[in-house]
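Colleague: Next up is a structure, given as structure tokens.
The values are calculated or read from the model by the stated rules, or taken from the named source; none is laboratory data. Because the structure is a prediction, the values reported are computed rather than measured. Every residue, glycine as well, gets a Cβ built from its backbone with ideal geometry; the counts of neighbours run over all protein chains shown. To get the accessible areas, we keep the full protein, side chains included, count just its heavy atoms, and leave off ligands, DNA and RNA. Shrake-Rupley method; radii C 1.70, N 1.55, O 1.52, S 1.80 Å.
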Amino acid sequence: MDSKITSTKLGTIVSGAALAIMGFILFTNPKTAMITITVMLGWVLVIMGVVSLASALTRWSVILSTADLYAGIVELLFGVLLVNMPGFFVTWIFILLGIFILVSGLNSLYGANAMQTLGLPSAGIAKAGAILAIVLGALVLFSPGLFADMAMVICGIALIYAGVVRIVDGVRMSSDHRA
């Protein structure tokens with residue numbers, strides 16, 4: 001993050017503290033944080049939809065106004081859905097992620113079997129990785145809430161780590177440091 005805020009010692013320490021606080025919130029309240037993030041995203045989409053619709057009504061070009069009209073309607077509707085049903089959206093995303101991982105694992109298993117048929121030496125490792133992906137995909141597919149919480153906890157840990165590193169960098173930084 002190279003900006004004027006983090007080019008000073010105090011700015012680096014403050015940004016590190018902000019990262020650590022956000023990470024702590026994600027780590028301690030994964031469900032609440034996930035719902036809050038989803039609702040905030042929904043409001044951003046609602047605002048973008050309204051702006052796109054207003055832009056569509058003020059454009060002179062038929063092609064551009066039509067594109068803005070369709071984009072605005074989709075953004076507005078999707079934003080309203082996110083604001084009103086954030087839990088459903090989070091669950092749905094992780095169900096889709098589970099399906100994607102499962103299909104990817106099946107595809108990898110097909111490739112590993114082809115490698116084994118060709119007599120390639122790494123076919124066993126490829127097959128083990130494919131089976132692991134299939135199992136992980138099935139777990140995510142049938143338990144999306146657990147994995148959504150785990151994702152938030154992992155993000156929280158990563159933010160805490162990044163914040164602590166930034167604080168340490170700020171403390172070590174000389175007082176006259178400017179980027």
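Colleague: Inspect segment 109-124 for any residue being among the aliphatic types (A, V, I, L, M), farther than 30 Å from VAL50 by Cβ and open to solvent by 60 Å² or more (accessible area, probe 1.4 Å) and give the result as yes or no.
Modeller: At the first step, the residues of segment 109-124 found to be among the aliphatic types (A, V, I, L, M) are 109, 112, 114-115, 118, 120, 123.
Narrowing the set further to residues that are farther than 30 Å from VAL50 by Cβ leaves 109, 112, 114-115, 118, 120, 123.
Checking the rest, the ones that are also open to solvent by 60 Å² or more (accessible area, probe 1.4 Å) come to 118, 120.
Looking through segment 109-124, at least one residue is among the aliphatic types (A, V, I, L, M), farther than 30 Å from VAL50 by Cβ and open to solvent by 60 Å² or more (accessible area, probe 1.4 Å).
Colleague: Just to be sure, is TRP60 more than 30 Å from THR28 (Cβ to Cβ), at pLDDT below 90 and of a type in the set (Phe, Trp, Tyr)?
Modeller: Numbers: more than 30 Å from THR28 (Cβ to Cβ): yes; at pLDDT below 90: yes; of a type in the set (Phe, Trp, Tyr): yes.
Yes, satisfied.
Colleague: Oh, and also: Residue under question is ILE134, and the condition is that it be exposed (fewer than 15 other Cβ atoms within 10 Å of the Cβ), over 18 Å from the mean Cα position of the chain (by Cα), modelled with pLDDT of 90 or more and assigned to a helix (DSSP H, G or I); does it hold? Please lay out each step first, then the result.
Modeller: Values: exposed (fewer than 15 other Cβ atoms within 10 Å of the Cβ): no; over 18 Å from the mean Cα position of the chain (by Cα): yes; modelled with pLDDT of 90 or more: yes; assigned to a helix (DSSP H, G or I): yes.
Here the answer is no, as ILE134 does not meet what is asked.
Colleague: Filter segment 94-107 for residues that are open to solvent by 70 Å² or more (accessible area, probe 1.4 Å) and free of Cβ contacts under 8 Å to residues at least 40 places away in the same chain; which is nearest to ILE35 (Cα to Cα)?
Modeller: Quick first cut of segment 94-107, residues open to solvent by 70 Å² or more (accessible area, probe 1.4 Å) only: 96-97, 99-100, 103, 106-107.
Add one more test, that the residue is free of Cβ contacts under 8 Å to residues at least 40 places away in the same chain, and what stays is 96, 100, 103, 106-107.
Values: LEU96: 18, PHE100: 23, VAL103: 28, LEU106: 32, ASN107: 33 Å.
Checking each candidate, the answer is LEU96.
Colleague: So ALA162 ticks every box in (1) touching a Ser or Thr at 6+ places or on another chain (Cβ under 7 Å); (2) touching a residue at least 40 places away in the same chain (Cβ under 8 Å); (3) of a type in the set (Gly, Ala, Ser) but one. Which box is left unticked?
Modeller: The one condition ALA162 does not meet is (1).
Colleague: Would you point out the residue of segment 44-57, among those that are modelled with pLDDT under 90 and surrounded by fewer than 15 Cβ atoms within 10 Å (Cβ to Cβ), that is nearest to VAL83 (Cα to Cα)?
Modeller: The extreme case among them is ALA54.
Colleague: Please go through segment 74-86 and pick out each residue that is open to solvent by 70 Å² or more (accessible area, probe 1.4 Å) and in a helix (DSSP H, G or I). If you could, list the steps in order and put the result at the bottom.
Modeller: As a first pass, look at segment 74-86 and keep what is open to solvent by 70 Å² or more (accessible area, probe 1.4 Å): 74, 77-78, 81, 84-85.
Scanning segment 74-86 gives VAL74, LEU77, PHE78, LEU81, ASN84.
Colleague: Then there is this: Can we say ILE63 is without any contact (Cβ under 8 Å) to a residue 24 or more places away in the chain, in a helix (DSSP H, G or I), closer than 24 Å to ALA158 by Cα and open to solvent by 40 Å² or more (accessible area, probe 1.4 Å)? Give the steps one after another, and end with the answer.
Modeller: On the way: without any contact (Cβ under 8 Å) to a residue 24 or more places away in the chain: yes; in a helix (DSSP H, G or I): yes; closer than 24 Å to ALA158 by Cα: no; open to solvent by 40 Å² or more (accessible area, probe 1.4 Å): yes.
Considered against the rule, which asks whether it is without any contact (Cβ under 8 Å) to a residue 24 or more places away in the chain, in a helix (DSSP H, G or I), closer than 24 Å to ALA158 by Cα and open to solvent by 40 Å² or more (accessible area, probe 1.4 Å), ILE63 comes out as no.
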